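Notes follow the structure.
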Amino acid sequence: MVRAIPLRRPWLWLGSAVVVALAVVLAVAIYRGHDIHGAATAQLQFGPAMLRGLQITIVLAVLSEIIGIALGILLAVMRLSPGTVLRLGSGFYVWLFRGTPLLVQILIWGNLALLFEYIGPFKTTTLMTPFVASVVALGLNEGAYMAEIMRAGIVAVDRGQLDASLALGMSSALALRRIVLPQALRAIVSPAGNQFISLLKATSLVSVIAGGDLLTVAENISPANLRSIELTLVAALWYLVLTTVTSVGQYFMERRLGRGGMGIHAGP
Amino acid sequence: MAAAAWGFMPVRNVARLFVPAMPMVRAEDVHKRYGRLEVLKGLHLEVAAGEVLCIIGTCGSGKSTLLRCINHLERIDGGRLYVDGELMGYREGGDCIYEIRQRDLCRQRAGVGMVFERSNLFPHLTVLENVIEAPVHVKHEPKAAAIEHARALLKRVGLLDRLDAYPGRLSGGQQQRVAIARALAMRPKLMLFDEPTSALDPEVAGEVLSVMRGLAHEGMTMIVATHEMAFVRDVGDEVVFMDGGVIVESGNPRDVLLHPQHERTKAFLQVGASLADGSRSGPC
Ligand SMILES: Nc1ncnc2c1ncn2[C@@H]1O[C@H](COP(=O)(O)OP(=O)(O)O)[C@@H](O)[C@H]1O
Ligand SMILES: [Mg+2]
């Protein structure tokens, strides 16, 4: 038998060696650099304060995402409608909320009482608690990004699908809900997943208005026990867990939508 | 005089003798523009109940536009379009006609079936789900009844064994037959066909055409834009030749196809004939 030798790829080996070396250097640096208390850190990781912060982070992200999706559909439909004012309104919203830093938006919502003392009959400070301000700020911002994702997804659906739906006597709302959006979902799920991962991490910004999330908790505890770097790492680890779980969920959702039913483009 | 007509009148047209007034479709001076391009330039048309009208004409002559105007997928810019005696998509206002609310429009559209050049089946739904979608969600029929009706229709188009398949798994001809069943599920009084076989291979086109032929024999009122001259000749009660947004010539298919009067009709039919034995005409 003649042996078939694959091409030697020395650059591959060299590159791998560099990556391993860097990893070792980093590990040694962390180990030597700062005396991290392993036991104390583990205790903080699952401490009641941290778990409460984790819970708030999750609730914040989920509520903001729900607002973002609803707002995104509304803005995308406005953007694609024949009405000029609706299109401009939607475009203006996206321009404004994507064009300014989220941190600034959070600060404005968190300090709304300085702008308006009352919202309707209510005192702004009682209505706009830090948590409510956080949800509003994150949700409205998320809406601007989701609008663009939804619009791209809807536009990707063949125009003939809408024609066929309308010809069967469906209203445009029914056609959107039953026919267009389910197909748009294919193009939406991947960027929307990435956007949700961004949102999960962005929730940490609400610590500037004491929104009660993971990072807020970490910052609140650290003056008491002076383990600020450990607390930051503890929070970071929780964010990693959340984003990892989301990525896995996103992977399965993409696979499910890409497979089987979705017809014309799907392979056997 | 009526007695003399009996012998020659196809059975499905008998009703016309007694109720002569109301055609299924009537177009009066219909105008349609896309921007500055005038696509329909004052079109007149009448289709009796039970009649099969075929529309022939070159690419871009406005066949699709006319069909889309008939079920108000496109707004018209002038004139009047009646389906079954009702102004389609508008209400009468003396000098003007006013577009109606979406709710009323949907009710009108539900009575008009349409089959497109591409099947436009819903790819995320199975064959059965495609067919029951509109009866269940538009007409609010009970699901069981809708399924029963759908099975009967799918049996009729020869696809009872593919109920649970997704459209992507079907051949082009099968997809078009499902599209016909889907339109029929709404029990329409009028069917519009926009070149339903133009995107198909000649072998599979036949299976779709034979379904349409059966439909015609059962007395369905049909308007069919097509390049299939054999279908026009054998199934059509009347044929119109469209060119440049107007109807240039109309009449009995045998007369028009064999003895066209107008130069443009002659030119079109000659080109068509030479294409028929060679390669097929393009996607339009
Ligand atoms: N949505 C549209 N916007 C602009 N022009 C169009 C549109 N649809 C059709 N047209 C134009 O209208 C003319 C007639 O088209 P169509 O009705 O599709 O003709 P046919 O079906 O006979 O080939 C063509 O010149 C075409 O380019
Ligand atoms: Mg056409």
Notebook entry, point to check: Given the protein assembly as shown, what percent of its DSSP beta bridges are antiparallel, to the nearest 5?
Noted result: 60
Check: Given the pairs B:LYS155/B:LYS189; B:LYS41/B:LYS63; B:LYS63/B:LYS139; B:LYS32/B:LYS139; B:LYS41/B:LYS266, which are separated by over 24 angstrom at their Cα positions?
Finding: B:LYS63/B:LYS139; B:LYS32/B:LYS139
Next item on the list: Calculate the dipole size of the protein assembly as shown relative to its Cα centre from +1 charges on Lys and Arg beta carbons and -1 charges on Asp and Glu beta carbons; express the result in debye to the nearest 20.
Entry: 1140
Margin query: Can you give me the distance in nm between label points at B:GLU38 and A:VAL25, each placed 7 Å from the Cα along the Cα-to-Cβ direction?
Written below: 7.8
Margin query: Can you tell me, using C-alpha contacts under 8 Å and at least 6 residues apart, the relative contact order of chain B as a whole percent?
Written below: 24
Item checked: Length-normalised contact order of the range A:58-212 in % [C-alpha pairs under 8 Å, at least 6 apart] -> 35
Notebook entry, point to check: Where is the GNM fluctuation largest for chain B (alpha-carbon springs, 10 angstrom cutoff): B:ARG103, B:ARG254, B:ARG264?
Noted result: B:ARG103
Notebook entry, point to check: How would you rank B:229-241, B:120-132, B:89-101, highest first, on the average number of other Cβ atoms within 10 Å across their residues?
Noted result: B:120-132, B:229-241, B:89-101
Next item on the list: Starting from the residue with the highest accessible area, list B:PHE116, A:PHE122 in decreasing order, probe 1.4 Å.
Entry: A:PHE122, B:PHE116
Next item on the list: Report Rg/Rh for the protein assembly as shown, rounded to two decimals, where Rg is the Cα radius of gyration and Rh the Kirkwood radius.
Entry: 1.13
Check: What is the average number of partner chain Cβ atoms found within 10 Å of a Cβ in B:114-127?
Finding: 5
Next item on the list: Enter the mean number of other protein chain beta carbons within 10 Å of the beta carbon of each residue in A:159-165, as an integer.
Entry: 6
Checklist line | Theoretical FRET efficiency, 1/(1+(r/R0)^6), r = Cβ-Cβ of B:GLU148 and B:LYS189, R0 30 Å, to 0.05 | finding: 0.90
Note to self: Which residue, B:GLY168, B:HIS137, A:THR100, has the largest displacement toward the positive end of the dipole of the protein assembly as shown when charges sit on each Cβ (Lys, Arg +1; Asp, Glu -1)?
What the structure shows: A:THR100
Next item on the list: Would you mind calculating the relative contact order of chain A from Cα pairs under 8 angstrom and at least 6 residues apart, reporting the percent as a whole number?
Entry: 24
Note to self: Let's test the formula: R0 of 30 Å, r as the Cβ-Cβ distance of A:ALA173 and A:VAL248. What FRET efficiency results, to the nearest 0.05?
What the structure shows: 0.30
Next item on the list: Using the charge dipole of the range A:80-194 (Lys, Arg: +1 at Cβ; Asp, Glu: -1 at Cβ; taken about the Cα centre), state which of A:GLY89, A:ASN111, A:LEU176 has its Cα farthest towards the positive end.
Entry: A:LEU176
Check: Amide H neighbours of B:GLU249 under 5 Å, counting only residues 5+ apart in sequence or on other chains, H built in-plane at 1.01 Å?
Finding: B:PHE241
Item checked: Protection-proxy order for peptides B:192-199, A:218-225, A:13-20, each taking the mean of Cβ atoms within 10 Å per residue, highest first -> B:192-199, A:218-225, A:13-20
Item checked: In Hz, Karplus ³J(HN,Hα) per residue of the range B:149-163 (6.51, -1.76, 1.60; θ = phi - 60°; x = Gly, Pro) -> 4, 4, 4, 4, 5, 5, 5, 5, 8, x, 10, 4, 7, 10, 3
Item checked: For the range B:190-199, Karplus couplings with θ = phi - 60° (6.51, -1.76, 1.60), whole Hz, Gly/Pro x -> 8, 10, 10, 10, 9, 6, x, 10, 5, 8
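The values are calculated or read from the model by the stated rules, or taken from the named source; none is laboratory data. None of these values were measured; they are calculated from a predicted model. Note that each Cβ is placed from the backbone with ideal geometry, even for glycine, and that neighbours are counted across all protein chains shown. Remember, those area values only see protein heavy atoms, side chains included, never the ligands or the DNA or RNA. Shrake-Rupley method; radii C 1.70, N 1.55, O 1.52, S 1.80 Å.
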